[in-house]
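Accompanying notes for the structure given below.
Just so it is clear, none of the values below were taken in a lab; they were calculated from the coordinates. Just so we're clear, the structure is a prediction, and the values are computed from it rather than from any experiment. When we count neighbours, we look across all protein chains shown, and the Cβ atoms used for this are built from the backbone with ideal geometry, even at glycine.
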Amino acid sequence: HVLCRVISGEFRENDETTERGYFRLDNLPELNEKKTNEQEIKLCLKAFRSEQWNPVID
């Protein structure tokens, strides 16, 4: 996963991503569980909010 920020321009649909949006954690859209799931999103937010994060490696 990669931390990104919007700096300019507009979204263009591509082979990997058909749309983009911003969602509250308690109101996520339907996810493609083979690519991203709610547990992964929560893990990423926990890492982002932590002062120091140790990577989880499986």
What pairs come out if I take residues in the stretch 1-24 that are part of a loop (DSSP other than H, G, I, E, B) and pair them with residues that are of a type in the set (Ser, Thr, Tyr) whose C-beta lies under 9 Å away, six or more apart or interchain? 1/36; 11/17
Hey, does the stretch 13-25 have a residue that's of a type in the set (D, E, K, R) and closer than 25 Å to residue 55 by Cβ? yes
Filter the stretch 32-52 down to the residues that are of a type outside the set (Lys, Arg), part of a loop (DSSP other than H, G, I, E, B) and over 11 Å from the mean Cα position of the chain (by Cα) and list them by number. 32, 33, 50, 51, 52
Could you grab the pairs with beta carbons closer than 8 Å, sequence gap of 6+ or different chains, first residue in the stretch 35-58 and within 19 Å of residue 17 (Cβ to Cβ), second one of a type in the set (A, V, I, L, M) and in a helix (DSSP H, G or I)? 41/25
